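Visitor: The following block contains the structure, expressed as structure tokens.
Nothing in this text is a laboratory measurement; each read-out follows from the coordinates by a stated rule. Just so you know, these numbers come straight off a predicted model, no measurement behind them. We place every Cβ from the backbone using ideal geometry, glycine too, and count neighbours over all the protein chains shown.
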Amino acid sequence: MKYEVLTMLNHTDKYLSGETISKKLGVSRTAIWKHINSLRNEGYKILSVTNKGYLLEKEHLPLTNYQVLQSYEGKTKLYFFNEVNSTNTKAKEIANDITADKALVYSKIQHQGRGRLGRTFQSNNQAGLWLSYVYKPIIPPEKATIFTLAASVAVCKLLENTCHVDAKIKWPNDIIIKGKKLCGILTEMSCEMDKINYIVVGIGLNVNQLSFDDNIRNIATSLYLETGQKYDRGLLIGGLCYNMDYVYEQIICNKISDIIDEWKKYALPMGQMITIHKGKEQIQATTIDINNSGHLMVKEANGQVNTYQSGEISIRGIMGYS
Ligand code: BT5
């Protein structure tokens, strides 16, 4: 019933009186008032004015399952949390318990968001999207790299079609706008020799942040900072789920080259001078391409052509940020 009240408020830009809502839903005005308060507790900003009624502020929509279900009716099972340490960690726990081959874990806030190679991903706020997809594909473990590339494509399509933002992929896992990082992706896997138990694709997308902590202020950006608009994060998750469903289907059907072609469309141009950080070693190189497994091919300063996987290195120098 609470969500029927919300749906009515969501479908109008005018005030709705308590009487109109109570007549339509066949319950008392006191019951409506209780539902309104319960929605406010969930984070919905609902104005109330005597003799006019209630108005939902649509620029301040909270992240709830209801918001996601408004825009996604697909088969991915949704697990929603108010707070977690890391959606990737939570997703791994859930992956062990479910039989479905895909699920999504998302949280309003993340206290210990993780990046690659033990780095921190700042996500202890309620302005971004912190989420992790769980997949149980029947493909060989060595093909798992494609998930990071596929997720990058899914995010870029969402940004292009829903937010009208021209974002680029920086291999292996960053989505950037004008040289600043908007989104990071962390893919983790549990597997045996010839079988994947599960893959977790964690995505952190900066959405409505007005600013960032000092240590990443110069390298991070948000959709709000780029467009001046606030976004309904539930709607973005819904759109992303459809895009992820699409690329997952491509992976299952072994249409890997289609994903790589799309990836190249969104990627920063190759031929860039970079520094590869591999453990304590630093290697100067120029990017050439990515191969059919999604690994980066580079020409090193000594003229040698080498291929690197995403898990083993980090790169600096593309578009001037580290
Ligand atoms: C990543 O690592 O970019 C992968 C980030 C994945 C985050 C998601 S959120 C949901 C899921 N749950 C998790 O715990 N993680 C995933 P990496 O390439 O290692 O980049 C980390 C670096 O990005 C840091 O060292 C900072 O320089 C920078 N950084 C940290 N927080 C950022 C933010 N919010 N926006 C942009 N850059 C950030």
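Visitor: Take the alpha carbon gyration tensor of the range 153-242, find the square roots of its eigenvalues, order them as a ≥ b ≥ c, and report rounded if a/c is under 1.5; if not, report prolate when a/b exceeds b/c, else oblate. Provide the component values of the computation, followed by the final result.
Guide: Details: a/c = 2.22, a/b = 1.61, b/c = 1.38.
Prolate is the answer for the range 153-242, as a/c is 1.5 or above and a/b outweighs b/c.
Visitor: Follow-up question, since we're still on this one. Which entries in the list Lys157/Lys265; Lys92/Lys178; Lys90/Lys230 go over 22 Å, if you measure between the two C-alpha atoms of each? Working shown, then result.
Guide: On the way: Lys157/Lys265 11 Å; Lys92/Lys178 33 Å; Lys90/Lys230 28 Å.
Going by Cα-Cα distance, Lys92/Lys178; Lys90/Lys230 fall outside the 22 Å limit.
Visitor: Return the distance in nm (one decimal) between the two label points of a simple spin-label model at Ser211 and Cys191, each offset 7 Å from Cα along Cα→Cβ.
Guide: Rounded to a tenth, the inter-label distance reads 4.4 nm.
Visitor: Relative contact order of the range 80-202: what whole-number percent is it, with Cα pairs under 8 angstrom and at least 6 residues apart?
Guide: Details: 227 pairs, mean separation 30.7, N = 123.
25 percent.
Visitor: How much length is gained if the chain between Lys52 and Lys77 is pulled fully straight, taking 0.36 nm per residue apart and subtracting their Cα-Cα distance, in nm to one decimal?
Guide: Numbers: separation 25, 0.36 × 25 = 9.00 nm, distance 3.93 nm.
Gain in length upon complete extension: 5.1 nm.
Visitor: Give me the angle, in degrees from 0 to 90, between the Cα long axis of helix 146-161 and the longest principal axis of the Cα atoms of the chain, rounded to the nearest 10.
Guide: That helix lies at roughly 50 degrees to the long axis.
Visitor: Enumerate the amide H contacts of Gln209 below 5 Å, restricted to partners 5 or more residues apart or on another chain; note that Pro and chain-start residues carry no placed amide H.
Guide: Leu223, Tyr224
Visitor: Roughly what % of Cα-Cα distances in the chain sit above 24 Å, to the whole percent? All intermediate terms of the calculation are to be shown ahead of the outcome.
Guide: Values: 29628 of 51681 pairs.
Summing the P(r) of the chain above 24 Å gives 57 percent of all pairs.
Visitor: If contacts are Cα pairs under 8 angstrom and at least 6 residues apart, what is the relative contact order of the range 67-119 in percent? Write out the running numbers ahead of the final one.
Guide: On the way: 54 pairs, mean separation 24.5, N = 53.
Relative contact order here is 46 percent.
Visitor: While we're looking at this one, here's another question. Do any of Lys2/Lys34; Lys14/Lys34; Lys58/Lys181; Lys2/Lys45 go past 18 Å between their Cα atoms, and which? Intermediate results must be reported in sequence, preceding the final value.
Guide: Working: Lys2/Lys34 9 Å; Lys14/Lys34 20 Å; Lys58/Lys181 27 Å; Lys2/Lys45 14 Å.
With Cα atoms farther than 18 Å apart: Lys14/Lys34; Lys58/Lys181.
Visitor: Using only the Cα atoms of the range 64-192, build the gyration tensor, take square roots of its eigenvalues as a ≥ b ≥ c, and label the shape rounded, prolate or oblate: rounded if a/c is under 1.5, else prolate if a/b is larger than b/c, else oblate. Provide the component values of the computation, followed by the final result.
Guide: Values: a/c = 1.29, a/b = 1.13, b/c = 1.14.
Since a/c stays below 1.5, the shape of the range 64-192 is classed as rounded.
Visitor: Counting helices only, and only those DSSP H runs with n ≥ 4, report the 222 nm mean residue ellipticity of the chain as the sum of -39,500 (n - 2.57) divided by its residues, in deg cm²/dmol to the nearest 500. Could you put the intermediate results ahead of the total?
Guide: Working: 9 runs with 100 residues, N = 322.
That calculation yields -9500 deg cm²/dmol at 222 nm.
Visitor: With respect to the cross-link table entries Lys136/Lys278; Lys77/Lys264; Lys102/Lys170; Lys170/Lys299, which display a Cα-Cα separation exceeding 28 Å? Show your work: numbers first, answer last.
Guide: Details: Lys136/Lys278 30 Å; Lys77/Lys264 30 Å; Lys102/Lys170 26 Å; Lys170/Lys299 17 Å.
Table pairs above 28 Å Cα-Cα are Lys136/Lys278; Lys77/Lys264.
Visitor: Then there is this: Quick check: from the Cα gyration tensor, does the range 168-322 come out rounded (a/c under 1.5), prolate or oblate? Present the calculation step by step, with values, prior to reporting the outcome.
Guide: Working: a/c = 1.78, a/b = 1.12, b/c = 1.59.
Oblate shape, in that a/c is at least 1.5 and b/c is the bigger or equal ratio.
Visitor: Given the options Ser86, Ser211, Ser71, which has the most mean-square fluctuation in a GNM of the chain, springs set between C-alpha atoms less than 10 angstrom apart?
Guide: Ser211
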